[in-house]
Every structure is written in structure tokens, then in C-alpha cells.
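One structure is given below, encoded as C-alpha cells.
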């Protein structure tokens, strides 16, 4: 029987070991190569909408080398922003955890709910436009509040857009409600504000009525506000509409009068324009009982009033304003 000598046995063993090392190296290299070949490519502009339930991660993936077997560290769709998702991918029994970045976005604009599509008021009524808003609600933020002044950069608000000059006049006026959330999503809705002409009211005119004791103070304050901005619905101290300006002046001397032009035509005692004294209220309009504008008479045929967004609070000659506006003084009220 032939036997293998010592050197031959050593060579055989060495050959077997080398073969095993080569085979193991090939196995390791193959697994390493397979591991590195596992990739996940996401789609461009991939995103999940805020609040989405049971989203499918496959909808976000453009290409995957291998088979997705599970998702670790999933997306929280109640949080807006970028989040890292870990996807477990299997290929040839090799499993790799691949992180991908998913964006949770808010693209839904606020929802505006109106009380009515048509609001009818009488000219001179003290009407608050926000009373026609049931709610302005955003899916992410919840309720959104009213803001009087906004800019292009403003976020999380709703406000009104309308013709500042015409809104108090008799007729139908379109009012736009515009809302924007914190992520810039915007929505708009409109309603109609119908301003009716009030029924004419006969008001007697009295003579020999004592002048307002606060007339001098009222006049001084009126002049001090010249240049202040006109703000629809404003009654000071940083912005006024016409009736709000007059009401603010009287409030500063401790006298309460009506907020709107229609109500102011019944305040105090009626006197003729010929007997007007500094501190009296001038009511303007196209006809008796339908005032469209109010001002404070300051004497010598002059008045101070909040005019419009372009001019703000100014001093005017009564006669010149009559010629330029097409309206006239329909009532003068003296507050004793």
C-alpha cells in the first residue's frame, strides 16, 4: 500500500487551506459587493402631505436595488418638515438598512366659512365685517385670527379687501376675505355687502343753543391729528375713518357720541350751518337723513376730517369740499 510522505501531506493540507481561504474571500467579497449594491433612489419632489394616514413608502421610491422587507423609523405625518426614514432592503439574503429623507409638507390652504354670502345693512350702521366670519381654520395651525394690516411677507392671518372709499356708500359692495397660513398657502372667498339708504328723518333746527364748552379743546386736538392715516373702521389713536375720528375727539374730552355717521346725526342738538360753532359736528350727504361723511367744524368755514386712504386726516374749506365732493352739509349737531 502506497503512503503519502510527510512533505506531500503538507503540500496537500496547504492547498486545501489556500482553497478555503480563497473560497471564503470570494464569499466575503461577494457579500460585500452585494451589500454595497443595495440602493434606494427616491423620486424628485417626493413628499407626504401633512396628516396623511397609511401612506405607502413605495410611492416615494423611484428605484430600489433589492426588495423592501420593512420600514424602520417611519414618518410622523403630524410634523411638517424633513424626516429620515430607514428602509430595510434584502438582496440575496443580505439585508441593509438604507436611510432616505422624506418631506412632510403642508399644501392645503385655510378654509373660510361665512355666515352669509349677502349681508344687508343700513347706511350709517356700525357694522363689523368680522361678524360675517364663522371661522377661518387651517388643518395644521387650527383657528386663524383676523389681522387689520398685512404685507406680502405676512403669514397666519385673514383680512378683508374692499373699496375703502365706496364701502360706506349706498349700493352693493364686494368684500373679499383673504387668508394665508404659516406655510404661505392662501385662500379667498367673497361676499356682498348691500348698503341700503336709510329712511329720511325730519330733524328740526334750533337757534340760540349754547356753544360746546369743549369746542376749543376739540379744535386743538383735531389740528394735532392732521396727517394721521385713514383706516376703515378705525377710531384711533393711530388711524381713523370719518366718524371714528369725530368720536375719538369727543371721547378725549369725556363725551360719548355715536360711532357711525348715521347715529351721529341724532347726537346732541341740531343747529343751522349759519350758526355753527367750533366743535360742532358737520354731517355730509346727498340728501337729508342719509349722511355719508362726518367732520369737526373748527370755525371760519373750515373743518378737520378723516377723508380717505390717500389723504388721511386733513383740514378743508367747507365750501371747497362741497364743490369737489358733490355732497353738501345735511346736518350740524352741537353737543352741549
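Just so it is clear, none of the values below were taken in a lab; they were calculated from the coordinates. Note that this is a predicted model, so its numbers are computed, not measured. Cβ sites come from the backbone with ideal geometry, for glycine too, and all protein chains shown count toward neighbours.
Odds and ends about this structure:
- Relative to the longest principal axis of the Cα atoms of the chain, helix 6-37 runs at roughly 20 degrees.
- Three-way shape label, the range 215-334, alpha-carbon gyration tensor, a/c 1.5: rounded
- Viscosity 1.567 mPa s, temperature 4 °C, Stokes-Einstein D of the range 111-196 from Kirkwood C-alpha radius, µm²/s: 96
- Protection proxy ranking for 266-277, 161-172, 139-150, using the average of other Cβ atoms within 10 Å per residue and placing the highest first: 266-277, 161-172, 139-150.
- Angle between the chain longest axis and helix 215-224 axis [Cα atoms, degrees, rounded to 10]: 40
- Cα-based equivalent ellipsoid of the range 6-105: semi-axis lengths in Å, sorted from largest, via gyration tensor: 47, 10, 9
- Legend: calculated FRET efficiency, residue 238 to residue 71, from the Cβ-Cβ distance at R0 = 51 Å, rounded to 0.05, equals 0.40.
- In degrees, nearest ten, helix 242-252 long axis to first principal axis of the chain (Cα): 80
- The length gained by stretching the chain between residue 320 and residue 174 to full extension, at 0.36 nm per residue less their Cα-Cα distance, is 49.5 nm.
- Computed helical MRE - 222 nm, the chain, DSSP H runs ≥ 4 contributing -39500 (n - 2.57), nearest 500: -6000 deg cm²/dmol
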